[in-house]
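Nothing in this text is a laboratory measurement; each read-out follows from the coordinates by a stated rule. Bear in mind that the values here come from a model prediction, so they are computed numbers and not experimental data. All Cβ positions, even for glycine, are placed from backbone atoms using ideal geometry, and neighbour counts span all protein chains on display.
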Ligand code: MV4
């Protein structure tokens, strides 16, 4: 087993990995940029090294600096977390070359999945269902037009080097195809240095469902159930749950078998996620494979009882999976809310700043994976995810009611957050009925928000302030009035607000 792991990340995921290291008796090394000197992950780690200025390109994305630290502190392995270098094949290869184990798939497996057209070709060969379209880039508007005429409009133009929605264009008619193709190609060239664009039939408001897999380095691959990830905004997931309210045991088995086939075809190892789009007939299609631990992995941990980060580390250390598919059983329901420092009144723009007050929820069925603390200043330089609040219960209604209760215990002062959005979503009849798709959240945010009675809140706050901050001076001045009586009077006044 490894003795020391460097975590090439920050925030809540770095804290999550540090916890797993400590449970396994492994020393955890943090890295930090100028603005993260006092970050929670730095405080929780056994050692921490400064790696540069705030811009990620000069710190958390700097392969050479990170490997220098790994050498200097003699780390055996590097956990990349998610984002940053987690799906960077060059980084995985450089680790391999430096004799530091990359806790994730091989560089070759990352590359196989990095090109969406190459992945589509491999999946077609395996008989995995893909959305009708092309599995190589289109050369011209004329060629794209022929394909679109055959599969029917609307079509989606996608960057082969993309993923996550960049370089994607929805095209409704053949008149719009030429200009959309040029726009998609130049956006892809700018964003990825590769202008390859392919065509798919567009599914309208599909569901986004993904299957978690684990593969060891001895040829064993298992699936761990799906996650429903349809609640997103601008390709940013907001809430995820497992199981999906729409997936039956039979469908889960089919999706799981396909996901395992996808992983085997790529000689994939470690943790990975196979993404599917589901149409209104519940037909599902392979979309792409994410070659990393995902933000939403806790919902799978709570429904399987497995620790995915432990298993990632053990797999990377060469251990075989300690269980087989038939040992995997799913229990209960888990829902994750991504708590971001963003301003609901300003189009959910990032809202960095100092956290002046922090009230954390806890209690039955509640897990909080947080990367922040009271007094910490959230920098503007990175993703504004503060924490993930996960509710778990015997069934979906219990998971929801525990989350609603936990959200009402939560308070973050000093920065704006999307906490109110979750209170709203969890109260929506369609959400409660499991009727969600990738258009759900945009529709909800466009609809008229429920009215908040501000006057009542303001009156209550004012009364509370007067009662607590300015107790009548006479109480304090009367000789012989005991401090106990004073406290009791002050307490009683609270009740009047
Ligand atoms: C699609 C699609 C509809 N039809 N492909 C967006 C991110 C990228 N990874 C794939 N995406 C989509 N591909 C076809 N053929 C709709 C989306 C899509 C989406 C997918 C998953 C989660 C949220 C989404 C939001 C809008 C569009």
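Given 10 °C and 1.306 mPa s, how large is the Stokes-Einstein diffusion coefficient of the chain in µm²/s, with Rh as the Kirkwood radius over Cα pairs? Before the final figure, lay out each step's value.
Values: Rh = 24.7 Å.
Reported coefficient: 64 µm²/s.
Would region 232-308 count as rounded, prolate or oblate if I go by the C-alpha gyration tensor, calling it rounded below 1.5 in a/c and otherwise prolate when a/b exceeds b/c, oblate otherwise?
Details: a/c = 1.23, a/b = 1.03, b/c = 1.19.
The shape class here is rounded.
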Considering only C-alpha atoms, what is the centroid distance from region 1-68 to region 248-264, in Å? 35 Å
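Over region 98-248, what is the relative contact order in whole percent, taking alpha-carbon pairs under 8 Å and six or more residues apart?
Details: 234 pairs, mean separation 26.3, N = 151.
That works out to 17 percent.
Just check region 341-465 against the gyration tensor rule for me: Cα atoms, a ≥ b ≥ c as the square roots of the eigenvalues, rounded for a/c under 1.5, and otherwise prolate or oblate depending on whether a/b exceeds b/c. All intermediate terms of the calculation are to be shown ahead of the outcome.
Details: a/c = 1.30, a/b = 1.22, b/c = 1.07.
Note, shape of region 341-465 comes out rounded.
Suppose we keep just the DSSP beta bridges with both residues in the chain; what percent of those would be antiparallel, to 5? Intermediate values should be presented prior to the final figure.
Numbers: 58 of 73 bridges.
Percent antiparallel among DSSP bridges in the chain is about 80.
I need the shape label for region 392-432. Rule: rounded when a/c is under 1.5, else prolate if a/b > b/c, else oblate, with a, b, c from the alpha carbon gyration tensor.
Values: a/c = 3.63, a/b = 1.68, b/c = 2.15.
The shape class here is oblate.
Using a 10 Å cut-off on Cβ atoms, rank the peptides 171-181, 364-374 from the highest mean neighbour count down.
On the way: 171-181: 15.8, 364-374: 17.6.
Taking the mean over residues of other Cβ atoms within 10 Å, the ranking is 364-374, 171-181.
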May I ask for the angle, rounded to the nearest 10°, between helix 116-125 and the longest principal axis of the chain, with both axes built from Cα atoms and the value confined to 0 to 90°? 60 degrees
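Given the peptides 436-449, 94-107, arrange them by the average over their residues of other C-beta atoms within 10 Å, most packed first.
Details: 436-449: 15.0, 94-107: 20.1.
So the order, starting with the most tightly packed, is 94-107, 436-449.
Relative contact order of region 47-185: what whole-number percent is it, with Cα pairs under 8 angstrom and at least 6 residues apart?
Numbers: 142 pairs, mean separation 19.0, N = 139.
Relative contact order comes out at 14 percent.
Determine, for each peptide in 34-44, 237-247, the mean count of other beta carbons within 10 angstrom over its residues, then list the peptides with the highest first.
Details: 34-44: 18.3, 237-247: 23.0.
Per-residue mean Cβ counts within 10 Å order the peptides as 237-247, 34-44.
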Could you state the angle between the C-alpha long axis of helix 454-469 and the longest principal axis of the C-alpha atoms of the chain, as a value from 0 to 90 degrees rounded to the nearest 10? 50 degrees
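For the chain, what relative contact order do you get, as a whole percent, if you take Cα pairs closer than 8 Å and at least 6 residues apart?
On the way: 969 pairs, mean separation 62.6, N = 497.
That works out to 13 percent.
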Per the helix-only calculation at 222 nm, which mean residue ellipticity applies to the chain, given -39500 (n - 2.57) for every DSSP H run of n ≥ 4 and division by its residues, nearest 500 deg cm²/dmol? -11500 deg cm²/dmol
Roughly what angle does helix 249-265 make with the longest principal axis of the chain, taking Cα atoms, 0 to 90 degrees, to the nearest 10? 60 degrees
